[in-house]
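Step one of this worksheet: look at the structure below.
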Amino acid sequence: MGWGYTSIYYGGDPIVQYDRFADRWLISQLGSLSAPYYECIAVSKTNDPTGAYTLYAYAFGAALNDYPKFGVWPTATNSAYLATYNLFYGGSGAELCAYDRAAMIAGAANPIGLCFSGLSSWSYLPADVDGATPPLNGTPGYFVDLLTTSSLGVYKLTPNFAAATATLSSLSTIPVAPFTEA
């Protein structure tokens, strides 16, 4: 699968995700193993996973966007593919992103990605809808992080793709039963 960037090496960390609300497939992977770094995202043009895809590449510059995780967040006005990355080399900490899902499904040329970087923790997980009921219109995207071995942090990202702006805020800390990491 070519991404249209001949200087990019296919870096790995592939993800295949089904967007049941749009009846489409999302495939992503690291776009390179050396700077400049990219995240390559492909969105199927139909419900056929072996059919044609619209291809996108998002630049991360000197920061390696490692350990990506994706979630489908299908609201009516701020519909997003949520993503998280751990940044290495030219970056540090985590980056949380919302990609314009509606534009990507429509095959737009340059859908916006709204991202926040420099978060001090690592390995955030984005919300992903399970089941047939989408989030209420305007609901922000949620992210969870392991703060300690007895607490989780919850954050919300509210994208406004029309204005090319977003806000990220910490919501709460959730206590969990203490555990020992493997």
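The values are calculated or read from the model by the stated rules, or taken from the named source; none is laboratory data. Predicted model only: the values in this text are computed from it and were never measured. Every residue, glycine among them, receives a Cβ derived from its backbone with ideal geometry; neighbour counts consider all protein chains shown. Side chains included, ligands, DNA and RNA excluded: accessible areas come from the protein's heavy atoms. Shrake-Rupley method; radii C 1.70, N 1.55, O 1.52, S 1.80 Å.
Multiplying the residue separation of residue 132 and residue 59 by 0.36 nm and subtracting their alpha-carbon distance yields 23.0 nm. Once the C-beta distance of residue 160 and residue 33 is scaled by a Förster radius of 45 Å, the resulting FRET efficiency is 0.85 to the nearest 0.05.
Think of a 1.4 Å ball rolled over the protein heavy atoms: the range 46-98 then has 36 Å² of accessible area per residue. Each other residue within a Cβ distance under 13 Å of residue 159 adds +1 if Lys or Arg and -1 if Asp or Glu, for a net charge of +1.
About the centre of its Cα atoms, the range 1-137 shows a dipole size close to 140 debye [charges on the beta carbon of Lys, Arg (+1) and Asp, Glu (-1) only; nearest 20 debye]. Per-peptide packing, taken as the mean over residues of other Cβ atoms within 10 Å, places 52-59, 90-97 in the sequence 90-97, 52-59 from highest down. The length gained by stretching the chain between residue 180 and residue 110 to full extension, at 0.36 nm per residue less their Cα-Cα distance, is 20.8 nm. Measuring from each cysteine beta-carbon in the chain, the ones with no other cysteine beta-carbon under 4.7 angstrom are 40.
Altogether, the Stokes-Einstein calculation at 10 °C and 1.306 mPa s, with the Kirkwood radius of the range 46-94 over Cα pairs as Rh, returns a diffusion coefficient of 120 µm²/s.
What ranking, highest mean first, results for peptides 128-134, 112-118 when packing means the other Cβ atoms within 10 Å averaged over each residue?
Going from most to least packed, we get 112-118, 128-134.
Using the rule -39500 (n - 2.57) for each DSSP H run of four or more residues, divided by the residues of the chain, the 222 nm mean residue ellipticity is -500 deg cm²/dmol.
Since only 70, 150, 179 are under comparison, the one whose Cα sits farthest along the positive direction of the charge dipole of the range 37-182, derived from C-beta charges on Lys, Arg, Asp and Glu, is 70.
The Cβ shell under 13 Å around residue 37 holds other residues with a net charge of -4, Lys and Arg each +1, Asp and Glu each -1.
When the Cα gyration tensor is reduced to axis lengths a ≥ b ≥ c, the ratio a/c is 1.5 or higher for the range 86-169, and with a/b not above b/c it is classed as oblate. Of the solvent-accessible surface of the chain, computed with a 1.4 Å probe over protein heavy atoms with every protein chain present, carbon and sulfur atoms account for 56 percent.
Using a/c under 1.5 as the rounded threshold, could you call the range 1-105 rounded, prolate or oblate? The axes a ≥ b ≥ c are square roots of the C-alpha gyration tensor eigenvalues, and prolate needs a/b larger than b/c, oblate otherwise. Before the final figure, lay out the partial values.
Numbers: a/c = 2.28, a/b = 1.40, b/c = 1.63.
Taking the square roots of the gyration eigenvalues as a ≥ b ≥ c, the range 1-105 is oblate.
Let me know the shape class of the chain, please: from the alpha-carbon gyration tensor, a ≥ b ≥ c as square roots of the eigenvalues, rounded when a/c is under 1.5, otherwise prolate if a/b is greater than b/c, or oblate. In terms of gyration-tensor shape, oblate.
Here the extension length gained between residue 170 and residue 151 equals 5.5 nm, from 0.36 nm per residue of separation less the Cα-Cα distance. The listed peptides 163-171, 39-47, ordered by packing as a protection proxy, come out as 39-47, 163-171 (highest mean of other Cβ atoms within 10 Å first).
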